[in-house]
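See below for the structure under consideration.
The values are calculated or read from the model by the stated rules, or taken from the named source; none is laboratory data. On a predicted model such as this, the values are computed, not experimentally measured, just so you know. When we count neighbours, we look across all protein chains shown, and the Cβ atoms used for this are built from the backbone with ideal geometry, even at glycine. Please note that ligands, DNA and RNA were not included when accessible areas were found on the heavy atoms of the full protein model with its side chains. Shrake-Rupley method; radii C 1.70, N 1.55, O 1.52, S 1.80 Å.
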Amino acid sequence: MLDSLYIAGQYITHNKAKAATLIACITLIAALPLALESLLDESERQLTSRAASTPLVLGAKGSALDLVMNTLYFDDEVPELISMAATEQVAASDLAAPVPVYARYHARGFPIVGTTLDYFDFRRLQMAQGRPLAVLGECVIGADVARDLGLEPGDSLVSSPESVFDLAGVYPLKMKVVGVLRDSHTSDDRAVFVDLKTAWVIEGLGHGHDDVTRIKDRSVILDRTGDNVVANAKLMQFTEITEDNVGSFHFHGDAAIYPITAVIALPADEKSGTILRGRYLQADADYQIVEPDDVIDGLLENIFRIKNVLDAVIAVVGFATVLAIVLVFSLSLRLREREINTIFKLGCSRMTIARLLASEIAIIVLISGALCAAVVWMTNVYSSDLVRALFIG
Amino acid sequence: MIHIQGLEFRYAHSDFRLSVPSLQVGARERVAVIGPSGSGKTTLLNLIAGIFVPNSGEITVGNVPVHALDDAGRRVFRISNIGFVFQDFELIDYLSVLDNILHPYRITRALRLNKEVRGRAIALAEQMAIAKHIKRRPGELSQGERQRVAICRALLTQPKLVLADEATGNLDPDNKTQILDLLFANLAERDAALLAVTHDHDLLPRFDRVEDFRAFRASGEANA
């Protein structure tokens, strides 16, 4: 048997391209359904565990899925905005503690999540380096963000405009990284956390500039009436919040109308949660309140429906691949007819000829099996990160 | 070495018929077989090697009645007792020169590949002046070098009988002479016999005896 394996090994080495193609085909067709299964299982686990740990989400009426995906996984699809008043409303109910979330902007591809310190307690997020948010313009980054961008406390991170054509819109804000979170193996690892007010500065609702009452360049002033000074666009706004200019940052208007994307409501108990839900069930309510668990269950049902279709497609492709492989082996047999005839003339037994050909198939299948196992193993090891990077965000 | 008596053979679905009333080859004899194409020269070699089975008659090689062996017995007999040299060398293109020489030992359980056999293979390669090519593949060798590899493969089992089917047919005159010299020298060392099919009448004086096959072809000459 060793001699047959040796000869088959030499044949495979000599016909590297053919062998590599066969191995790649078999590996792919075997690994694909297993890896997909693993990723789907991990998606289900991550989606359901995060949803189960988030009791209620309050947001604008519309797509409950967009609301949950944005609030829990910081998905790019931003739901219709609600005002900060919604947070006050939940707090005033005494039924739940509100945690506002404003997940709309990005910094170098990672979502910026404006929230309060309560969010860190609620998610039990711990600092790996640095300290929590304290001052306007600071950010705390997730473990993946730190790794991918090579950032650590003391570095800075600039927010990105919503679109390259948004010339008159959001100014990039240079944020100071003050802390890095420990790995939580959730979407928090891929987020840039800022205080809500910092998120509003990014949006332009708050800004900092030189004191217009003391400014020497008169061409900046449009109108002056008593203490009220109107400046024109020549007035430079700060793009970075520093110790020197932080005092100049201010917000115009009532904070209650400032935008957020959602409020995570943390009810004191089940009864409080039920009562709170009841308050937003009326048709004329301004907001909707959803249980993420229910929304994610619906999403998973759809995913598994799609998976069934995918399984069927993979089965058909797999069958076609097996046929192609059989064809390749039979053509290879024809090409080796002369060799087989020679060894027959030398005195090789029928069984040995069969063993020689079987060894070639066995080696290819074994290598493919090992590669398939490696792919599946790697998928299992990195499924958590893969799911967050590919599907959940 | 070879005793053939009353041999009759015909292919199915063909009117070709080979009839050899009697043929003897001695232990150290070097016999050339000549005759026109299709006269059955290669068929005779295949019958002696046990690749074909005669319809009637007896073929004895050494003391072995080849005609009476079953398929498995004939294969074991062939690989253990006969060295076969083909016109087109029939080397395995994906194996090195050394692996080609050792190939008979890797395709049967009747022979055991060990250190001594490997040593013998290298010694044969040195004798045939191809030792420096031992790690190369046949595609990297000249025609003459390939035929030397094929001869090494045929001689490795130290057979008492070598069957050569136009073994020098594809070689230039210099190579023919050199290869026959090497082959004859090896056979003489071991008291082995040679039955060689050839079309090359210039080589005939080097053989002990010449058998003309026109005498054995019973009919169907035109079908060759």
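The figures follow:
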| quantity | calculated |
| --- | --- |
| Built amide H within the under 5 Å cut-off of B:Leu7, gap 5+ | B:Val20, B:Glu58 |
| Prolate/oblate/rounded label for region A:11-95 (Cα gyration tensor, a/c 1.5) | prolate |
| Rg(Cα) / (2.2 N^0.38 Å) computed for region A:285-393, rounded to two decimals | 1.89 |
| Helix axis angle, B:115-127 relative to chain B longest principal axis, alpha carbon, degrees | 90 |
| Computed over chain B: relative contact order in percent, which uses C-alpha pairs under 8 Å that are six or more apart | 33 |
| Solvent exposure, largest accessible area first (probe 1.4 Å, DNA, RNA and ligands not counted), of A:Val316, B:Val76 | A:Val316, B:Val76 |
| Longest to shortest principal axis, alpha-carbon extents of the protein assembly as shown, angstrom | 135, 57, 45 |
| Positions from region A:1-24 whose accessible area shrinks by 40 Å² or more when the full protein complex is built, not the chain alone, probe 1.4 Å | A:Asp3, A:Tyr6, A:Ile7, A:Gln10, A:His14 |
| Complex-versus-alone comparison for region B:97-136, residues with a loss of 30 Å² or more in accessible area, probe 1.4 Å | B:Asp99, B:His103, B:Arg106, B:Ile107, B:Arg109 |
| Heavy-atom accessible area ranking, 1.4 Å probe, most first, across A:Ile361, B:Ile134, B:Ile179 | A:Ile361, B:Ile134, B:Ile179 |
| Residue-wise HN-Hα coupling along region A:180-192, computed from phi with Karplus coefficients 6.51, -1.76, 1.60 (Hz; x: Gly, Pro) | 10, 7, 6, 4, 10, 6, 9, 5, 4, 5, 10, 10, 10 |
| Residue with peak Gaussian network fluctuation, chain A [Cα springs, cutoff 10 Å], from A:Lys176, A:Lys345, A:Lys307 | A:Lys345 |
| Rounded FRET efficiency, nearest 0.05, which uses the C-beta distance separating A:Leu5 from A:Asp385 and R0 of 35 Å | 0.35 |
| Rounded to the nearest 10 Å², the accessible area of A:Lys271 at probe 1.4 Å | 150 |
| Estimated vicinal HN-Hα couplings, Hz - region A:145-153 in sequence order (Karplus 6.51, -1.76, 1.60; Gly, Pro = x) | 4, 4, 5, 5, 9, x, 9, 8, x |
| Residue-averaged 222 nm ellipticity for the protein assembly as shown, from DSSP H runs of 4+ at -39500 (n - 2.57), nearest 500 | -14000 deg cm²/dmol |
| Semi-axis lengths (Å, descending) of the ellipsoid that matches the C-alpha gyration tensor of region A:58-114 | 22, 13, 9 |
| Average other protein chain Cβ within 10 Å of Cβ, residues A:334-346 | 5 |
| Helix runs (DSSP H) in chain A reaching 24 Å along axis by Cα, Kyte-Doolittle at least 1.0 | A:292-335, A:350-387 |
| Kirkwood hydrodynamic radius (C-alpha pairs) into Stokes-Einstein, region B:78-224, 20 °C and 1.002 mPa s, D in µm²/s | 134 |
| Where the protein assembly as shown is the region considered: accessible area per residue in Å², 1.4 Å probe | 48 |
| In order through region A:131-141: 3J(HN,Hα) via Karplus (6.51 cos²θ - 1.76 cosθ + 1.60), integer Hz, x for Gly, Pro | 9, x, 5, 9, 10, 3, x, 9, 9, 10, 10 |
| Whole-percent carbon and sulfur share, accessible surface of the protein assembly as shown, 1.4 Å | 56 |
| Residues with amide H under 5 Å from that of A:Ala97, placed H, sequence gap 5 or more | A:Leu266, A:Ala268 |
| Estimated buried accessible area (total), pair A and B, 1.4 Å, Å² to nearest 100 | 2300 |
| Amide H partners (placed H, <5 Å) of A:Val113, local residues excluded | A:Val192, A:Phe193, A:Val194 |
| Hydrodynamic radius (Kirkwood) for region B:49-149, which is based on Cα pairs only, to one decimal in Å | 15.2 |
| Residues losing 20 Å² or more accessible surface upon assembly, region A:347-368, compared with the chain by itself, 1.4 Å | A:Gly347, A:Cys348, A:Arg350, A:Thr352, A:Arg355 |
